[in-house]
Amino acid sequence: MNKTNYQQKMQEQIKLLNGNKAKLLIHSCCAPCSSACLERLYNFFDVSVLFYNPNIQTGEYEKRKAEQIRFLEQTGWAKFIDCDHNEEDFYLNICGLEGEPEGGKRCERCFEIRLKKTAEIARQMHFDFFATTLTLSPLKNADIINALGEDIARQVGVNWLYSDFKKQNGYLRSIELSKIYQLYRQNFCGCAFSEKESFIKGLKN
């Protein structure tokens, strides 16, 4: 069975723009992940970054948010759109999935709530597309994320921009850009569960 090439699907969507810049709202989890994604997109879209991450604990959230704003101010690659930070939204939505491993059903639910919020704000603010930086990570499944994006696009009525930003050395480029702009890079996804797993792995190594 052939695996879908989401990077190619994104290029096909961009080609259909015929050089016109569509309005894109992209969800971002952190500045490092956004870096390589925005570098790839800003020439083709009028981009705004939505920082909606109720899964990230408050202290970590503020640190990542500040880095995201600083990076956008330095590059000018996108505008910044803030969003209420309410960890309760995350815990209410993943109730019953606390014991799931990283990359499992709890993570899928977390992707879903962030993508749905992005789509809803994109519709309210009259964006043409919505997307996410989450596909940059080698640890996140692009098939799952794009399937969620497709489904939410149908529900909400905003175009989903396909992506697999890790393709074409996207993740490696994000590391390079993080060094250039001296961005804070975290070693866990952001929620308490991923922090605990990262801590345990560190003890074993």
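The values are calculated or read from the model by the stated rules, or taken from the named source; none is laboratory data. Everything quoted here is computed from the prediction, not taken from an experiment. Glycine also receives a Cβ, built like all others from the backbone with ideal geometry; neighbour counts cover every protein chain displayed. The accessibility values were calculated without ligands, DNA or RNA, using every heavy atom of the protein model including side chains. Shrake-Rupley method; radii C 1.70, N 1.55, O 1.52, S 1.80 Å.
Stretching THR58 away from ASN43 to a fully extended chain increases their span by 2.1 nm, per 0.36 nm per residue minus the current alpha-carbon distance. For the chain, the mean residue ellipticity at 222 nm estimated from helices alone is -16500 deg cm²/dmol, where every DSSP H run of n ≥ 4 contributes -39500 (n - 2.57) and the total is divided by all residues, rounded to the nearest 500. Scalar couplings 3J(HN,Hα) for the stretch 48-58, obtained by applying the Karplus form with A = 6.51, B = -1.76, C = 1.60 to θ = phi - 60°, are 10, 9, 9, 9, 10, 8, x, 6, 7, 5, 3 Hz; x denotes Gly and Pro.
Given +1 at the Cβ of Lys and Arg, -1 at the Cβ of Asp and Glu and no other charges, the dipole of the stretch 28-102 around its Cα centre is 440 debye to the nearest 20.
Once the Cα atoms are used to define both axes, helix 192-204 deviates from the longest principal axis of the chain by about 60 degrees. Each Lys and Arg contributes +1 and each Asp and Glu -1, all at the Cβ; summed about the Cα centre of the stretch 112-180, the dipole is approximately 220 debye. Its relative contact order, with pairs defined as Cα atoms under 8 Å and 6+ residues apart, puts the stretch 18-83 at 40 percent.
If you sort HIS85, HIS27, HIS126 by accessible surface, 1.4 Å probe, largest first, the order is HIS126, HIS85, HIS27.
Given a 1.4 angstrom probe, I'd like the percentage of the accessible area of the chain that is carbon and sulfur, rounded to a whole number.
On the chain, the fraction of accessible area on carbon and sulfur atoms equals 49 percent.
At a probe radius of 1.4 angstrom, the accessible area of the chain per residue rounds to 51 square angstrom. Using only side-chain charges placed at the Cβ, +1 for Lys and Arg and -1 for Asp and Glu, the dipole size of the chain relative to its Cα centre rounds to 620 debye.
Helix 31-41 versus the longest principal axis of the chain: what angle, 0 to 90°, nearest 10, using Cα atoms? So the inclination is approximately 20 degrees.
Once you've got the Cα coordinates, tell me which of LYS63/LYS166; LYS105/LYS179; LYS3/LYS63 are over 31 Å apart. Over 31 Å apart, Cα to Cα: LYS105/LYS179; LYS3/LYS63.
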